[in-house]
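FYI, it's all coordinate maths here, none of it is from the lab. All figures in this text were calculated on a predicted structure; none of them were measured in a lab. Here Cβ is always computed from backbone atoms with ideal geometry, including for glycine, and neighbour counts include all displayed protein chains.
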Amino acid sequence: MFCDASVWHICWFEGDNILKTLRNGVIAVALSLIALTSLPAAHAQQQLSPTLQAAVGRWQVIHNDGNPGGQVETYLADGKLFGKVTQLRPGRKPGDLCDLCSGELKNKPILGMVIFRNFSPDGDIWTGGTVVDPESGKVYKGKVWAVGQDKLSMRGFVGFSLLGRTETWRRIP
């Protein structure tokens, strides 16, 4: 904009108003973006179905052969399902390490290890996460779902769900 020297104060005020308007607009957009990005996580946590919520708790692992394994506590963090070992399987000692694990879990104590990671709700099933088998050190894709209030099924697989196995665990009161 061109300003005549005799009316410079009008040009200055108009420019100042334009700057204030732009600044306020930028602030409003930034606040809106912050609010929008925080809503989905809060909304997802508040809207979990009873079936999804039933997957949270303390569980006795029951292997396919019917023998009890250790115990796992499942919990929510940032709208995702996780699970950690709270009691070792019979025959394990409290100081046992996951020597067959790789990466960040290599040689870490099995007791307290997070073996379920990053499962997201998908209908009434938790999917898209991984499961670590502390016995073999292998990491599997998985899905988890509650069967009523007292059973939890976990399917670990490589590649496709058809190529895996399912265990059903019992809730610990």
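Brief remarks on what is shown
- Each Lys and Arg contributes +1 and each Asp and Glu -1, all at the Cβ; summed about the Cα centre of the range 50-171, the dipole is approximately 100 debye.
- For the range 41-109, trypsin sites (Lys or Arg not before Pro) meeting the loop criterion (DSSP other than H, G, I, E, B) and having at most 11 other Cβ atoms within 10 Å: none.
- In order along the range 75-81, phi translates into HN-Hα couplings of 8, 9, 9, 6, x, 10, 9 Hz, rounded to whole numbers, per the Karplus curve 6.51 cos²θ - 1.76 cosθ + 1.60 with θ = phi - 60° and x for Gly and Pro.
- Along the range 56-66 the Karplus relation, 6.51 cos²θ - 1.76 cosθ + 1.60 evaluated at θ = phi - 60°, assigns HN-Hα couplings of 8, x, 10, 10, 8, 6, 10, 6, 4, 7, x Hz to successive residues, with x for each Gly and Pro.
- Computed 3J(HN,Hα) for the range 139-153, one whole-Hz value per residue from the Karplus formula 6.51 cos²θ - 1.76 cosθ + 1.60 where θ = phi - 60°, is 10, 10, 6, x, 9, 9, 8, 7, 10, x, 9, 10, 10, 10, 9, glycine and proline marked x.
- Within straight-line reach of LYS84, meaning a Cα separation under 21 Å, sit the following lysines at least 8 residues removed in sequence or on another chain: LYS93, LYS106, LYS108, LYS138, LYS141, LYS143, LYS151.
- Rg(Cα)/(2.2 N^0.38 Å) for the range 50-171, N = residue count: 0.99
- Difference of contour (0.36 nm per residue) and Cα-Cα distance, ASP122 to GLN149: 7.9 nm
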